[in-house]
Amino acid sequence: SSYSTQNVTHTFDTVGTYSAALYMEDNNGCGNTISKNLLVRDRILDLAVLDIRTFYGYDDYITIEADLAILGTVPVSSFEIGCHVTDASSIKETWTGTPNSTGFFTYVFSSKVKQLQPNPNYITCVNIESVNTLSDFDLSNNKLCVTSNLGSTNVSDPFPNPTKDNLMLPIVLT
């Protein structure tokens, strides 16, 4: 296709590599061409659960965080996320928004869970559904389960950060 207007939009019907060239000419007739290869890929919707962390509070409620990653080429604007902890109730929440530009972010559940019978060794599962109200490309990375041990060591984020002097690294033994 060839165009001689400003702000051209072109839709590619098939995947592949295409060459695009831009020719510019000034009022004096001096011109130059620049070319670039464009890779057109299928649009893929894929959101993955990478990791889960749980924190047992002094009130015996468990806070759950999940590290998520957008692995596809389609922007994610909403999803449903649920979690279940052994001997506790389930949580299901809806997220809407715009994740940061890196495609990696941490989701912190607004609700907390409490086990019916405190058990230091429990399993936490997080599941993503209905990404952009659709089913995403790779369902195998939408669910992750991890074991937790409350009788373990927890290392918090260092502070102050950044620093030129001493750095504190809080360690909690439970």
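Bear in mind these aren't lab numbers, they're just calculated from the coordinates by the rules spelled out. Owing to the predicted nature of the structure, the values given are computational and were not obtained by experimental measurement. Methodologically, a virtual Cβ is constructed for each residue, glycine included, from the backbone with ideal geometry; neighbour enumeration extends over all protein chains shown.
Using R0 = 35 Å, the C-beta based FRET efficiency linking T147 and H10 works out to 0.10.
Over the range 1-140, Cα pairs under 8 Å with separation of 6+ residues give a relative contact order of 22 percent. Restricting the calculation to Cα atoms, every distinct pair contributes to the Kirkwood radius of the range 15-87, found to be 17.6 Å. Projecting label points 7 angstrom from Cα along Cα→Cβ for K36 and D67 puts them 3.2 nm apart. Kirkwood Rh over alpha-carbon pairs of the range 1-43, then Stokes-Einstein at 25 °C and 0.890 mPa s: what D in µm² s⁻¹, rounded to an integer? Roughly 198 µm²/s, to the nearest whole number. Here the 3J(HN,Hα) profile of the range 30-41, calculated from phi with Karplus coefficients 6.51, -1.76 and 1.60 at θ = phi - 60°, is 7, x, 7, 10, 10, 10, 8, 8, 10, 9, 9, 10 Hz, Gly and Pro shown as x.
Hey, with R₀ at 22 Å, roughly what FRET efficiency would D59 and T86 work out to, going by the Cβ-Cβ distance, to 0.05? Computed FRET efficiency for D59 and T86 comes out at 0.75. If you look at the Cα atoms of the range 1-143, you get an Rg and a Dmax of 23.5, 83 Å.
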